[in-house]
Every structure is written in C-alpha cells, then in structure tokens.
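Below: one structure, written as structure tokens.
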Amino acid sequence: MTVASLHGLARADVRAIPLYAPDRAPCRVDLSNNTNLWGAPPAALRALAGALPAAVARYPEAYAGALRQALADYLGADTGVALGTECIVTGCGSDDVLDSAFRALAGPGDVLAHPEPSFTMVPAFARMNGLRPVAVPLRDGVALDADAMLRTGAPIIYLSSPNNPTGNALAREAVERVVRRAPGVVILDEAYAEFAGTSALDLLRESERLLVTRTLSKAFGLAGLRVGYAAGAPALVAAVEKSRGPYKVNALAERAALAVLGEDLPWVRAHVAEAVTVRDRLTSELRALGLEPLPSVANFVLVPVPDAVALAARLRDRGVGVRPFTALPGIGDALRISVGPWPLVADALDALRAVR
Ligand SMILES: *Cc1c(COP(=O)(O)O)cnc(C)c1O
C-alpha cells in the first residue's frame, strides 16, 4: 500500500495536524531549542557507560518506582514541598506526560484552554487526543488573564511558567486564581522552573486538581534520553499513569536520571547559575543593539524583530540556529535565542550584528 493511500486511513483530526518539524539542520551554533548547551552531567555519562548489557536486554521498571522516589526527594529539597512516590508520574519526556494527561482528563470534543503565545506542542497534543484547543491571549503578550482563562469553562487549563517562548514567569496571584476557581484540572508546566528559582508546586497542598509537570531535558541536560515527570494528588497521578502505560522511561534513561539526581545536582545547579548570568548578559547586549528583548527568567530570551523568518534564515547561513516566531499576539515577529556558554552566544550576537 502506498503512503498516499495510507494517508486516508488516519483520523480526519489527526490528518489536519501539521507535523512538528522545526528547522533542525545541523549548524555550528545551535541556540534553537533551549537544551543544556554545556552538555550532559558527568554522572549520567558514567551511568550509561556502565549500564549496558542488563539494561538493554531487560525491560525497565514498569512504573519507574526508584526514579519517582528520587524525583520526589529532589522536588522536596528544591521547593520544600514533601511528596510521596504516589504523587509522581514519569514519562518519555514531559511531552509524554502532557499527552497522557490530556487523554486521561478530557474526552473527544472537550476544550483545552491554553495561553497564546505558549508551548507549541500543547494544541497539537490536544488535537491528537480529540480535544479542542482554545487559545487565550496573554495580555501584552506576557500576562496571564485569569478570568478570560476561567471563562472558557475548559475541563483542562494548561499554563506554562516560566512561559515558552516569552520567558517570563506568570504572576503568582493569577496562577492561584486559576487553580482555585478552575472547574476542572489545571496543568502547570514548569519545564524551566530551575532557571527561575520559583515554583508554584506548593499549590498542590491546596488543590487535588493541579498537575505540575517538569522535565530533565532543560536544566538537567538529558534531552536526548527523554525523561519528564509530573507531581499531583495520588488519584490524579494514577489516572495519568494508567493512560500513559508501562515502561515509558527506558532503562538507560532511568539509570542516567537516577545518577544525576543522586550525584550530580551540584553540576546542575552550577550550570543553571551560569545560564542565568549569560541570559542577563545576552539581554543587555540585545538592548545595546537597540532591540527590546522581553525580560526572561528562563534559559532563553525572546526578542521582537521585523520579519523573524527571514532574519533566522540569514543567521542560519552564518551557522547560527535560533527559533523564529511569527505574529505572536501582543508581540509580533520575534526570535527565541537559547543561552549556553558565553562564546557561543557571543558568536550568535556577532552574526546578528552582521545580518540585521
Ligand atoms: C522543552 C519543553 C517541554 C518538554 O520537554 P520534554 O523534553 O518532552 O520533557 C515541556 N514544556 C515546555 C514549555 C518546554 O519548553
């Protein structure tokens, strides 16, 4: 059977979803996807090198028990919120956790409300699960409008703080208001919380309908291994885990993640601190160029520019990858630039000076 004839077999709503295919042609300086450009934590690499035969031939733990315990301990140390293993669910990246949660918590035709601009995968995962994504514009492109979000009446409200691609943290009061008044579940994506140094995880103490997602892909330097997780009340977590299915964190990823959580948190924290320094320096250099970057608490900076796609293409020609966004509500066209070791960022700034 040809690919063309197979195409007609997919569900109509799935056929309508564009393939997520960012420009990932290899380039000299890749500042396009917010991963850890300092590399992977050494303890993870040691664990991988030592783990091979048994980890490859056998199934991993079905529900990643040891990893969930280590993640609960980490969150407790990081935020002061004590959680048990039954409050944590892992997944093949936090993408997998979001996808599983959408499927577990709402049904075909239900609305999933999300801010705009926000994480581009969210409306895609909503559609893949038969949900109807409804975009609620952020005020001035950055501020959460709690009442507009609540007015959707959506059984799932997705929020991201710090928000990707804008880089700002959502106001605590607005997040609280949504969590307290939402008719259904609120999913708060904290993929970049380590860089912001703040978290709303403590709201789990007052809501059993809040799920906070995190990832080891950004601050922890394990993007290629695909490890994400979420924290929430045991009943909520159990539903997400059931919809996710067993064995989603592979055995090598689990070992590497356990090694970092056990031995390399100082490595993670040191590189977070360096990312914050470089981010603030990048922000001031962009201002010195006469641009108006959005203040960021994440490991990337969003800078409005005219015709972002053309500018990103000119940067690519010079070996520099950044992520262009077009017509963001309240912002317009913009480039999102990830931070990494200063020489890489300086290289990108040189290219930007040359092409704009
Ligand atoms: C990068 C990112 C994620 C997820 O990444 P995984 O690699 O799937 O864990 C989730 N949310 C946001 C907002 C992100 O930017």
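The values are calculated or read from the model by the stated rules, or taken from the named source; none is laboratory data. Every value quoted in this text rests on a predicted model; they were computed, and no experiment measured them. Backbone-built Cβ (ideal geometry, glycine too); neighbour counts: all protein chains shown. Ligands, DNA and RNA are stripped out before the accessible areas are found, and what is left, the full protein with its side chains, is counted by its heavy atoms. Shrake-Rupley method; radii C 1.70, N 1.55, O 1.52, S 1.80 Å.
For segment 58-80, check the following and say yes or no: at least one residue is basic (Lys, Arg) and at pLDDT below 95.
yes
Among the residues of segment 269-284, which ones are among the charged types (D, E, K, R) and closer than 15 Å to Tyr192 by Cα? Walk me through it before giving the result.
We begin by selecting, within segment 269-284, every residue among the charged types (D, E, K, R); these are 269, 274, 279-281.
If the condition is that a residue be among the charged types (D, E, K, R) and closer than 15 Å to Tyr192 by Cα, then Arg269, Glu274, Arg279 are the ones that fit.
Report the residue count in segment 109-141 for those that are out of contact with any Asp or Glu (no Cβ under 9 Å at 6 or more places or on another chain), free of Cβ contacts under 8 Å to residues at least 60 places away in the same chain and surrounded by fewer than 20 Cβ atoms within 10 Å (Cβ to Cβ).
5
Quick one: which of Leu222, Leu236, Leu203 is open to solvent by less than 10 Å² (accessible area, probe 1.4 Å), more than 25 Å from Val301 (Cβ to Cβ) and of a type in the set (A, V, I, L, M)?
Step by step, each of Leu222, Leu236, Leu203 is checked, and only Leu203 is open to solvent by less than 10 Å² (accessible area, probe 1.4 Å), more than 25 Å from Val301 (Cβ to Cβ) and of a type in the set (A, V, I, L, M).
What number of residues within segment 105-123 satisfy the criterion of being within 22 Å of Arg15 (Cα to Cα), assigned to a helix (DSSP H, G or I) and more than 12 Å from the ligand (Cβ to nearest atom)?
Matching residues across segment 105-123 total 1.
What number of residues in segment 325-339 are under 19 Å from Glu285 (Cα atoms) and assigned to a strand (DSSP E or B)?
To start, the set of residues in segment 325-339 that are under 19 Å from Glu285 (Cα atoms) comprises 334-339.
Subsequent filtering for residues that are assigned to a strand (DSSP E or B) retains 334-338.
Count: 5.
Looking at (1) out of contact with any helix residue (DSSP H, G or I) (no Cβ under 7 Å at 6 or more places or on another chain); (2) under 30 Å from Ala313 (Cβ atoms); (3) among the acidic types (Asp, Glu), which one does Asp73 not meet, given that it meets all the others?
If we test Asp73 against (1) out of contact with any helix residue (DSSP H, G or I) (no Cβ under 7 Å at 6 or more places or on another chain); (2) under 30 Å from Ala313 (Cβ atoms); (3) among the acidic types (Asp, Glu), just (2) comes out false.
Collect the residues in segment 90-103 that are more than 10 Å from the ligand (Cβ to nearest atom) and buried (at least 22 other Cβ atoms within 10 Å of the Cβ), keeping them in residue-number order. Can you show your working first?
Step one: of segment 90-103, the residues more than 10 Å from the ligand (Cβ to nearest atom) are 90, 100-103.
Listed by number, the residues that qualify are Thr90, Ser100, Ala101, Phe102.
So Ala64 fits all but one of (1) on the phi < 0 side of the Ramachandran plot; (2) open to solvent by less than 60 Å² (accessible area, probe 1.4 Å); what number is the exception?
Every listed condition holds for Ala64 apart from (1).
Can you tell me which residue is nearest to the ligand (Cβ to nearest atom) among those in segment 172-223 that are touching a Ser or Thr at 6+ places or on another chain (Cβ under 6 Å) and of a type in the set (A, V, I, L, M)?
Ala191
If you scan segment 287-311, which residues turn out to be in a helix (DSSP H, G or I) and either open to solvent by 10 Å² or more (accessible area, probe 1.4 Å) or touching a residue at least 40 places away in the same chain (Cβ under 8 Å) (or both)? Full working, then the answer.
Keep residues of segment 287-311 that are in a helix (DSSP H, G or I), which gives 287-288, 308-311.
Hits for segment 287-311 are Arg287, Ala288, Val309, Ala310, Leu311.
Just a yes or no: is a residue in segment 11-19 within 16 Å of the ligand (Cβ to nearest atom) and either in contact with a helix residue (DSSP H, G or I) (Cβ under 9 Å, 6 or more places away or on another chain) or not polar (S, T, N, Q) (or both)? Steps first, please.
Just the residues of segment 11-19 that are within 16 Å of the ligand (Cβ to nearest atom), to begin with: none.
The answer is no; no qualifying residue exists.
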